[in-house]
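Structure first, then comments.
Taken together, the values in this text are just the output of simple stated rules run on the coordinates, not laboratory data. Note that the structure is predicted; figures quoted are calculated from it, not measured. No Cβ is skipped: glycine too gets one built from the backbone with ideal geometry, and neighbour counts run over all protein chains shown.
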Amino acid sequence: MLEKVIHILSDYTDIPAESITADSRMIGDLGLSSLELISLLAEFEDEFSVSIDESQAMELQTVRDVVCLLESIPTAKA
């Protein structure tokens, strides 16, 4: 799932996938604003067939946090 999340982030941010790691910070390292993060989560919802609450989104700091959240949702498609 990490690779798929990194690929989505790379497409969204135009940052090469090989430059994005599990420890990359969504706002700091990837340069996302909180509004962009919400928009990006909509892409994750579509890709993984899940629903993510916006309050959960505000707690996401790193790529690893996104992966952990998605993996914690039983219906998420890898």
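Before moving on, here are some points about what is shown:
- Residues 58, 1, 26 arranged by fewest to most Cβ contacts within 10 Å: 58, 1, 26
- 3J(HN,Hα) from dihedral phi, the stretch 6-21, Karplus parametrisation 6.51/-1.76/1.60, rounded to Hz, x for glycine, proline: 4, 4, 4, 5, 4, 4, 6, 9, 6, 8, x, 4, 5, 8, 9, 10
- Column: log10 I(q)/I(0), Debye, Cα scatterers of the chain, q = 0.15 Å⁻¹: -0.43
- Measuring nothing but how far apart in sequence close Cα pairs (under 8 Å, 6+ apart) lie, relative to its length, the chain scores a relative contact order of 36 percent.
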